[in-house]
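Colleague: If you scroll down you'll find the structure; I have some questions about it.
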Amino acid sequence: MQFGKRIRVLVVDDSLLFREVLARGISSDSQIEVVATAKDPFDARDKIISYEPDVMTCDIEMPKMNGIEFIQRLMPQYPLPVIVVSTISHAVFDAIRAGAVDFVVKPDVNAVNSVEKFIAEMIMKIKIASAAKVIHSRSPDVSHVVNTYIKVQSEHNIIAIGASTGGTEAIYNVLKYLPEHVPGIVVVQHIPIGFSRMFAERMNTSTRLQVKEAETGDYVEKGRVLIAPGDQHMKIKRVGDRYRVECYKDDKVNGHCPSVDVLFESVAKEAGKKAIGVILTGMGYDGAKGLLMMKEKGARTLGQDEKSSVVYGMPKVAFNIGAVEKQVSLEHMAQMIYALLK
């Protein structure tokens, strides 16, 4: 976004009341201009052509065509940053896979301050989305490259991954190519409470790994992925030659709970040179200092490159401070992880 230019937003929702509340709310920010609203995907298509918005907010449940199908049809012709607005459901992950940049949970109109928090989150995510790269093409299937590797005895016994905006798809595109005998993986993805468990369940059924939302007392084991709960920090503790995770509620770190830095710093302390650290797409700087600490302790570190990142923020900061040993495209990240294990 050019300095001084307001972000042009199109609001799409079948509820007139909700359209008005959302449009009025986000327009309160001086950097945002709602150029139009639309009641359904067909109305939205015409408004996109007429007003050329920078960002679109889109409901998932709508008449005539749902938001997921709309995004699938929209992206090839109009690759526009989309933020989906939804209730808590697996549908948001389908929308992200279809090409949406991010999602926000619909507010509970009966809860105190719920609408205000929703508007504040929407404003923040619209600003992030305005700088995001829309990636709607699927990366080529390189799974056979990893599958043909023989099992190896590696000095590395834990892999730590951190991500934010665009991270759910990025993490999937790493995990789906890793074999069952890969060292245990711990993940922090900036994600709302409730969605972290859904995300873990989704990864568990769509990859060869055992994936679950982490709980205090869980052990890091081969072929297992532990994803931090959406409202708790996660760190590891060495117990003999194993690692146990601890999840706890605390203040936000770098604006986030869970924080990637909290995880990475514990991995640096407890695993040292036996770890591999990976920082993926996301806005901000969370994880950069932790990854640098891991590198200084002898861990191998990887960062997603700019071209394949939805938002080249966290990986860029980590790279600029010297925390990233090698930058890798998303489509080759699993291969590089496995190469380090060899």
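Colleague: Give the separation of the Cα centroids, region 270-342 to region 54-105, in Å.
Modeller: 29 Å
Colleague: Packing-wise, with mean Cβ within 10 Å as the measure, how do 33-45, 257-269, 96-108, 206-218 rank, highest first?
Modeller: 257-269, 96-108, 33-45, 206-218
Colleague: Follow-up. Residue farthest toward the positive end of the dipole of the chain, with Cβ of Lys/Arg at +1 and Asp/Glu at -1: which of ILE60, TYR285, ILE321?
Modeller: ILE321
Colleague: When a/c reaches 1.5 or more, the comparison of a/b and b/c decides; with that in mind, is region 233-281 rounded, prolate or oblate per its Cα gyration tensor?
Modeller: oblate
Colleague: Going down the table (LYS235/LYS307; LYS47/LYS106; LYS133/LYS237; LYS127/LYS269; LYS212/LYS237; LYS222/LYS273), which pairs top 28 Å between alpha carbons?
Modeller: Pairs exceeding 28 Å: LYS235/LYS307; LYS133/LYS237; LYS127/LYS269.
Colleague: Take the alpha carbon gyration tensor of region 259-342, find the square roots of its eigenvalues, order them as a ≥ b ≥ c, and report rounded if a/c is under 1.5; if not, report prolate when a/b exceeds b/c, else oblate.
Modeller: In terms of gyration-tensor shape, oblate.
Colleague: Among HIS156, HIS90, rank each residue by its count of other Cβ atoms within 10 Å, from fewest to most, as a rough exposure measure.
Modeller: Fewest-to-most ranking of HIS156, HIS90: HIS90, HIS156.
Colleague: Read phi for every residue in region 324-329 and hand back ³J(HN,Hα) as whole Hz from Karplus 6.51 cos²θ - 1.76 cosθ + 1.60, θ = phi - 60°, with x for Gly and Pro.
Modeller: For region 324-329, the Karplus curve yields 9, 6, 8, 8, 9, 5 Hz.
Colleague: Related question: Is region 214-311 rounded, prolate or oblate when judged by the Cα gyration tensor, a ≥ b ≥ c being the square roots of its eigenvalues, rounded requiring a/c under 1.5 and prolate requiring a/b larger than b/c?
Modeller: oblate
Colleague: Quick one: ARG242, ARG202, fewest Cβ neighbours within 10 Å first, how do they rank?
Modeller: ARG242, ARG202
Colleague: So what's the back-of-envelope 222 nm ellipticity for the chain, counting only DSSP H runs of four-plus at -39500 (n - 2.57) apiece and dividing by all residues, rounded to 500?
Modeller: Using -39500 (n - 2.57) per qualifying helix, the result is -11000 deg cm²/dmol.
Colleague: Sticking with this one: Determine, for each peptide in 182-193, 18-29, 112-123, 75-86, the mean count of other beta carbons within 10 angstrom over its residues, then list the peptides with the highest first.
Modeller: 182-193, 75-86, 18-29, 112-123
Colleague: Exposure proxy check: THR87, THR301 ranked by fewest other beta carbons within 10 Å?
Modeller: With the sparsest Cβ surroundings first, the list reads THR87, THR301.
Colleague: Additional query: Hey, in the GNM for the chain with a 10 angstrom Cα cutoff, which one of GLY277, GLY240, GLY287 fluctuates hardest?
Modeller: Largest GNM mean-square fluctuation: GLY240.
Every read-out reported here was derived from the displayed coordinates using simple, explicitly stated rules and does not represent laboratory data. Owing to the predicted nature of the structure, the values given are computational and were not obtained by experimental measurement. Glycine gets a Cβ as well: all are built from the backbone with ideal geometry, and neighbour counts include every protein chain shown.
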